[in-house]
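Novice: The structure's right below; bear with me while I get my questions together.
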């Protein structure tokens, strides 16, 4: 069970949204995540890189049909951070 | 004092809006992973037919229907992967999964199963058929709606 804690790294709206989608699923392809969040490739790449550096997400490269596909998954520390952040938001709501 | 209260209210409404938008995003993400309705109907009909063959016809052929069930499971996984998702088998938090499966597996499904069996055994064939249809409807709704939406919908609410 994650403790309620505000996390400055995932507080940015796009990062919070990335974590929310990844928390609901196991893994998602980069292209699909971009469609869901309605952001550009470069914006999504930047946020994923920041989350990856903090070990909140894992980037997986897979080859299918001769093409490389990038998949993104939440790590256990990322899941804890996101759940803690959501708890903190709920606390603020009261 | 008044200013601080306003700040608190503003933070609270901002947090509420964030939670609601996150809940909506998670619902949208899960919605796009959902099986097509015909597949859920096919799953329900296959399981319903299995029960009918076993309980009413006393046929051993019901085990053959495990083949389409395995195909449906395989197709669902492949469909999600092609669409760019890998989904959780049970998207609920652990304690809800436990309660859900306890209710389904220990209480509701056995009640339906033994209820249908009992009705057939005492000769109330039509009542047995009616309970089997009720079981199929219940199964359809639990496959299609419950696992994904019940908890997510409440996530942003407080």
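Novice: Which whole number gives the average, over all residues in B:27-40, of C-beta atoms from other chains lying within 10 Å of the residue C-beta?
Specialist: For peptide B:27-40, the averaged partner shielding equals 2.
Novice: Can you tell me the 0 to 90 degree angle between the C-alpha axis of helix A:76-93 and the longest principal axis of chain A, rounded to 10?
Specialist: 40 degrees
Novice: Something else now. Shape verdict for the stretch A:30-79, please, from the Cα gyration tensor: rounded (a/c under 1.5), prolate (a/b greater than b/c) or oblate. Mind dumping the intermediate values first?
Specialist: Values: a/c = 2.03, a/b = 1.25, b/c = 1.63.
Oblate is the answer for the stretch A:30-79, as a/c is 1.5 or above yet b/c matches or exceeds a/b.
Novice: Take the alpha-carbon centre of the stretch B:116-142, take the same for the stretch A:58-80, and report the distance between them in whole Å.
Specialist: First find each Cα centre; the distance between them is then 45 Å.
Novice: How long are the three semi-axes of the equivalent ellipsoid of the stretch A:3-94, in whole Å, if each is the root of 5 times an eigenvalue of the C-alpha gyration tensor, listed from largest down?
Specialist: Numbers: eigenvalues 127, 33, 24 Å².
One finds semi-axes of 25, 13, 11 Å for the stretch A:3-94.
Novice: Average partner chain C-beta neighbours within 10 Å, per residue of B:76-87?
Specialist: Values: counts 0, 0, 0, 0, 3, 6, 2, 3, 13, 10, 8, 5.
If you average over the peptide's residues, the count of other-chain Cβ atoms is 4.
Novice: Determine, for B:49, A:70, the number of other Cβ atoms within 10 Å of each Cβ, and report the residues in order from fewest to most.
Specialist: Ordered by Cβ neighbours within 10 Å, fewest first: A:70, B:49.
Novice: At 10 °C and 1.306 mPa s, what whole-number value in µm²/s does Stokes-Einstein give for the translational diffusion of the stretch B:3-92, with Rh from the Kirkwood sum over Cα pairs? Show your work: numbers first, answer last.
Specialist: On the way: Rh = 16.7 Å.
Result for D is 95 µm²/s.
Novice: Provide the FRET efficiency to the nearest 0.05 for the residue B:63-residue A:38 pair, computing r from the beta carbons and using R0 = 41 Å.
Specialist: Working: r = 47 Å, r/R0 = 1.16.
Taking R0 as 41 Å, the efficiency between residue B:63 and residue A:38 is 0.30.
Novice: Right, something else. Report the full-extension gain for the segment residue A:12 to residue A:87: residue separation times 0.36 nm, less the Cα-Cα distance, to one decimal in nm. Provide the component values of the computation, followed by the final result.
Specialist: On the way: separation 75, 0.36 × 75 = 27.00 nm, distance 1.62 nm.
The span from residue A:12 to residue A:87 would gain 25.4 nm if fully extended.
Novice: Where the centre of each part is set by its Cα atoms, how far does the stretch A:11-29 sit from the stretch B:4-23, in angstrom?
Specialist: 20 Å
Novice: In nanometres, what is the gap between the two model label sites at residue A:77 and residue B:13, each 7 Å from Cα along Cα-to-Cβ?
Specialist: Here the modelled spin labels are 3.8 nm apart.
Novice: Let me ask something else. What's the Cα-based Rg to Rh of the protein assembly as shown, Rh via Kirkwood?
Specialist: Ratio of gyration radius to Kirkwood radius for the protein assembly as shown: 1.08.
The numbers here are math on the coordinates, done by the rules we state, and not lab data. Keep in mind that this is a model prediction, so the values were computed, not measured. Neighbour counts are summed over all protein chains in view; Cβ atoms, including those assigned to glycine, are modelled from backbone coordinates with ideal geometry.
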